[in-house]
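Single-structure report; data block below.
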Amino acid sequence: MPRWRVACDVCAASSWIGEAAGGRDAWCEACQTGARLVPGATRASCARCGAALALAEPRFVELWGEVQNASAVLAAWDGAPAALGALLPERPRFLNDRTPPAAESGDAPDVRAALLDLASGAFARARLGLEAALERAAAGPHVWRALAIAADRLDEPALAEAACTRALSATRGREDAAL
């Protein structure tokens, strides 16, 4: 179930709506106050004004907020992630696709070996091989992505995130050069 962040642009009242660790966050759309309920609650009233609480998603249509969200995403794609960071304070720390990338025609033999290690599940050996290859020479984004996958599989989220960021930067550099 998704979580929603709601906030008033005028009075700065804000809260989350949806399941959270240790409970369920809810929002009163009448008096703009947040509430924490027991996990799995399906109905509740606001303790302040008695109105029904929004438990899973806002009941109103927030067009201005959606425009702000779209603007933040577009700005992040353009290299300015600050607005998106404010919208997503609970940033996930995992990779969506853990499929090992295939070797490319220009890859060195040690990179090819590390990619095979990754595909076979030898994540620690793959990580060492990929790091050594990246220290020795520049590599394509697929090598950084492979390192991110190996680090993620080894439960090293900081390294996985840094390698994923480098993979995205390298991909963007290739796209800019193609223009």
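The values are calculated or read from the model by the stated rules, or taken from the named source; none is laboratory data. As the structure is a prediction and not an experimental result, all values here were calculated from the model. Methodologically, a virtual Cβ is constructed for each residue, glycine included, from the backbone with ideal geometry; neighbour enumeration extends over all protein chains shown. Quick note on the areas: whole protein, heavy atoms, side chains included, nothing else; ligands and nucleic acids left out. Shrake-Rupley method; radii C 1.70, N 1.55, O 1.52, S 1.80 Å.
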*Considering only the range 32-58, how many residues are in a loop (DSSP other than H, G, I, E, B) and surrounded by 10 or more Cβ atoms within 10 Å (Cβ to Cβ)?*
15
_Going residue by residue through the range 132-154, is there one that turns out to be within 12 Å of ASP110 (Cβ to Cβ), modelled with pLDDT under 95 and open to solvent by 60 Å² or more (accessible area, probe 1.4 Å)?_
yes
*In this structure, does ALA162 turn out to be on the phi < 0 side of the Ramachandran plot and surrounded by fewer than 16 Cβ atoms within 10 Å (Cβ to Cβ)?*
yes
*State yes or no: is GLY22 in contact with a Lys or Arg (Cβ under 9 Å, 6 or more places away or on another chain), modelled with pLDDT of 80 or more and under 30 Å from HIS142 (Cα atoms)?*
no
*Can you work out which of the residues in the range 17-31 that are within 19 Å of the chain's Cα centre (by Cα) and farther than 10 Å from ALA54 by Cα is most open to solvent (accessible area, probe 1.4 Å)?*
ALA21
